[in-house]
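Worksheet: the structure to be examined is printed underneath.
The values are calculated or read from the model by the stated rules, or taken from the named source; none is laboratory data. Keep in mind that what you see is a predicted model, and the values were worked out from it rather than measured. Here Cβ is always computed from backbone atoms with ideal geometry, including for glycine, and neighbour counts include all displayed protein chains.
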Amino acid sequence: MIAKSDRQLALWNIGISYIAFIIGTFCGLLQVFIRNDKLQLPKFLDYYQILTAHGVLLALVFTTFFIFAFLIAGMSKTLGSFGPRVRFFLWLGLWVTAIGTTLATAMIISGEASVLYTFYAPLKASGWFYVGLALLIVGTWFTSFALLGHYLVWKKQNKGKFSPLFAYMTVATLLLWIIACLGVVTTVLFQYIPWSFGWTETINVELSRSLFWYFGHPLVYFWLLPAYMAWYVVMPKIIGTDVFSDSLARFSFVLFILFSFPVGFHHQLTEPGIDSFWKFLQVVLTFMVVVPTLMTAFSMFATFETSGRKKGATGLFGWFKKLPWKDVRFTSLFIAMLFFIPGGAGGIVNASFQLNELVHNTLWVVGHFHITVGTPVAMTFMGVTFWLVPYLTGRTFPKYLQKLAHIQIFSWAVGMLLMSTAQHLLGLLGAPRRTAYSGYNGHESALEWFQGILSNHVTMAIGGTILFFSAMLLVYIVANLMFVTPKAATEEEAVEFPIAKSDTSHTAKLLENWGLWVGIALALILMAYAMPLTEMIQHSPPGSRGFITW
């Protein structure tokens, strides 16, 4: 068990993350009924308020706080308890992030910031919304640098040794996060805040969007890498084997650092202000991210087969039957992995110019987002929650809650399958995203979206309802694990932090040369962004005044 002060840090992060989760999922429930024309909001609420709250609270707040809870607990477990200085900055980071989150959320709820999760200019929110976003990022930097400092102290005390795999992956994730945030910090501090407070009259829209997507795509991997950490390090321990390949695991994370950044333009393929060469270059680099993803898939299924063979499995697929299907810690992660297969395939569609032309501004993209972040990432975090919370509280995970956890995981999978499939189909039929109910005055194309008793919109609403039920069941489980279930009386009853053994005997020292890998990443960023961003600044149009359309 880690030190009490370290446990409290992680638990506070988890608590805030699940508060955001409750509000965000409720906003999601409202949306599926509004889009189906089955719900009218009261006058004090606007569709774009709840759409913004849903995106910000789930995609930014829930994920960020939960990820740092996971990283804090894992770093304390693998590298030892935090020193007083590190602990101070971890608490400082927590509260600065929480204050920024509260301020941004207050602006959304008050109707002053219905600018959606992407907060595209020239939509103009209250300046305090952008101040809240800036504080949120600055707070995470305090936490990130504190964890990196803890890692450096360990390295000095253990010269010549490989860092534990969990700590290594944490460093890779934090470096990715810090470098990615440079884009959003730049645009918020030097563009949005002066513009929103009236210190400047106009904003360079193309530059602001490009800086956002410089951040926005690596953000996806900031969500995914902690999930990959659970797959690489936690999953083998749960199924009774070691990490398949330490060097492969480390190298895959290095590749994510290299190829997560110079790809943001594939989110801007339909925008005219970026030369086609730079779009082409970043699309090519986008497909490079497929390599570490496939490496991860290979490693995971090799781990499953290794475990099964150890347990006596024979035949080509006999190992599949030997997996611990009754252990919700395993089933949650396994189902999350399966969902990532169609999610990754959809990502290839989105990054392909001709196909992106067809689906870019449709519900296809919403379906893709939910089947990648909303399932592989979120479901992995749920599976981690089932053991991380009782590990931190010292409470047990009784059988009745384990049964409820299975129901929660399977209901989430069913709900997401229904909702995201319907969204993909609606996207192919041309249904727009970022809108409330859209009937287009009975146009025949729009009628296809609502035809039949079980139309795609109805299916989406059914899936969303199941997801909300699953979310509330999860919150019930978390509350019990935090406050209700009995304390573990013996070591056998105590819930462990499962970390698998990782053999470093064949791992190259070069993989821990962070200066080299960060240097290569920065070189790729300069190659992909220096000239197009310079052109956007030098040849920018007069700029746009702000618009408030809600």
Among the residues of the range 232-286, which ones are aromatic (F, W, Y) and either over 18 Å from the mean Cα position of the chain (by Cα) or surrounded by fewer than 24 Cβ atoms within 10 Å (Cβ to Cβ) (or both)?
F244, F251, F259, F265, F277, W278, F280
Restricting attention to the range 190-208, and to residues there that are out of contact with any strand residue (DSSP E or B) (no Cβ under 6 Å at 6 or more places or on another chain) and assigned to a loop (DSSP other than H, G, I, E, B), which single residue is surrounded by the most Cβ atoms within 10 Å (Cβ to Cβ)?
N204
For M169, all conditions in the list (1) surrounded by fewer than 21 Cβ atoms within 10 Å (Cβ to Cβ); (2) at pLDDT 95 or above hold save one; what is the number of the exception?
(1)
What number goes with the only condition from (1) surrounded by fewer than 16 Cβ atoms within 10 Å (Cβ to Cβ); (2) touching a strand residue (DSSP E or B) at 6+ places or on another chain (Cβ under 8 Å) that G427 does not pass?
(1)
Only one of these is in contact (Cβ under 8 Å) with a residue 40 or more places away in the chain and either out of contact with any strand residue (DSSP E or B) (no Cβ under 9 Å at 6 or more places or on another chain) or closer than 23 Å to L255 by Cβ (or both): H539, H506. Name it.
H506
Looking at V495, V458, V478, which one is surrounded by 12 or more Cβ atoms within 10 Å (Cβ to Cβ) and either among the hydroxyl-bearing types (S, T, Y) or farther than 30 Å from V234 by Cα (or both)?
V458
What number of residues within the range 233-266 satisfy the criterion of being within 17 Å of M169 (Cα to Cα) and touching a Leu at 6+ places or on another chain (Cβ under 9 Å)?
16
Residue under question is T52, and the condition is that it be in contact with a Cys (Cβ under 9 Å, 6 or more places away or on another chain), hydroxyl-bearing (S, T, Y) and buried (at least 24 other Cβ atoms within 10 Å of the Cβ); does it hold?
yes
Of the criteria (1) part of a helix (DSSP H, G or I); (2) surrounded by fewer than 19 Cβ atoms within 10 Å (Cβ to Cβ); (3) among the hydrophobic types (A, V, I, L, M, F, W, C), which one I14 fails
(2)
In the range 310-327, anything assigned to a helix (DSSP H, G or I) and either without any contact (Cβ under 8 Å) to a residue 12 or more places away in the chain or under 13 Å from M235 (Cβ atoms) (or both) is listed as G318
Just checking, does the range 45-64 include any residue being free of Cβ contacts under 8 Å to residues at least 40 places away in the same chain and not in a helix (DSSP H, G or I)?
yes
Of the listed residues (W213, W154), the one being surrounded by fewer than 18 Cβ atoms within 10 Å (Cβ to Cβ), among the aromatic types (F, W, Y) and assigned to a helix (DSSP H, G or I) is W154
Report, by residue number, each residue of the range 430-486 that is in contact with a strand residue (DSSP E or B) (Cβ under 8 Å, 6 or more places away or on another chain) and at pLDDT below 85.
S438
Looking at (1) assigned to a helix (DSSP H, G or I); (2) surrounded by 15 or more Cβ atoms within 10 Å (Cβ to Cβ), can you tell me which one N441 breaks?
(2)
Residue in the range 140-166 that is modelled with the lowest pLDDT, counting only those that are closer than 26 Å to A227 by Cα and basic (K, R):
K161
Given the criteria β-branched (V, I, T), crowded, with 19+ Cβ neighbours inside 10 Å and part of a helix (DSSP H, G or I), does T303 qualify?
yes
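For (1) among the aromatic types (F, W, Y); (2) over 17 Å from S502 (Cβ atoms); (3) outside any loop (DSSP other than H, G, I, E, B), each residue gets a yes or a no:
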residue	(1), (2), (3)
L225	no, no, yes
Y228	yes, no, yes
M235	no, no, yes
L258	no, yes, yes
H266	no, yes, yes
T270	no, yes, no
F277	yes, yes, yes
